[in-house]
Amino acid sequence: MGRIICCGLGPGDPDLMSVRADREVRAATHVAYFRKKGRPGQARTIVEGMLAPDVREYPMEYPVTTELAVGSEEYARLLARFHDEWADRLAELARETDVVVLCEGDPFFYGSFMHMWRRLAADFPVEVVPGVTGMSGCWTRANLPITWGNDTLAVLPGTLDEGQLVERLRLTDAAVIMKVGRNLGKVRRAVEAAGLLSRAIYVERGTMDDERILPLAQCCEPVGAYFAMVLIPGEGRRL
């Protein structure tokens, strides 16, 4: 029996991959990765030029991404079936050989692989190689120390209701708002309502070649990039 090895690839810059992830990717004979239909996939893009010439590739194409509301029953049904089918297929492959699954960021931090792991880990040897998180890469590229002294940090999905975002932002010292994308307008309003707009930074495709970093107050478009987040640094004890 082989293993399923999920490698966290970091936020986008291949130089930020761990030594272990680099080694596993280069040695892989079977590689699987998530992607939207018709797209190369961010994880696959990160490892371009690193894979062996004879590697077998298995693109796991989402049946739906932004076409349906995330909270809808149909969205949940389609994604559950997708994870069931690919978990079965990965298990079948792993009975014969090692399979490396590519995952941007850290697999256990809002990662798609967590849904596979939940289906596989009880019956198969599954190893997860941690990666630099997207938020860590973004606040470093923005030259933005995120927490000081006893600051608390909240990580919030931009898919929350606007009122919930405002409430939780008011309860924390520092914040990272993920999943900004199509929620950018709502997120900006919530940050402003919480009195934090002057400290908020918008980071788009952080650590990648086409990254964009600017104050959220200057980011007026209603929709952001898929790989985008808002950072609000703490103002705690500084020695």
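The values are calculated or read from the model by the stated rules, or taken from the named source; none is laboratory data. Small disclaimer: the values here were computed from a predicted structure and weren't measured. For neighbour counting, all protein chains shown are included, and Cβ atoms are generated from backbone atoms with ideal geometry for every residue, glycine included.
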Members of segment 190-238 found to be over 19 Å from Asp13 (Cβ atoms), assigned to a strand (DSSP E or B) and touching a residue at least 60 places away in the same chain (Cβ under 8 Å), listed by number: Val230, Ile232
Being surrounded by 21 or more Cβ atoms within 10 Å (Cβ to Cβ), in the same structural domain as Arg119 (by TED's automatic domain parsing) and not in a helix (DSSP H, G or I) narrows it down to one residue among Val25, Val70, Val64, Val31; which is it? Val31
Condition check: closer than 24 Å to Glu24 by Cβ and either without any contact (Cβ under 8 Å) to a residue 12 or more places away in the chain or crowded, with 16+ Cβ neighbours inside 10 Å (or both). Does Met178 satisfy that? no
Selection from segment 120-141 of residues that are assigned to a loop (DSSP other than H, G, I, E, B), closer than 18 Å to Glu85 by Cβ and touching a helix residue (DSSP H, G or I) at 6+ places or on another chain (Cβ under 6 Å): Phe124
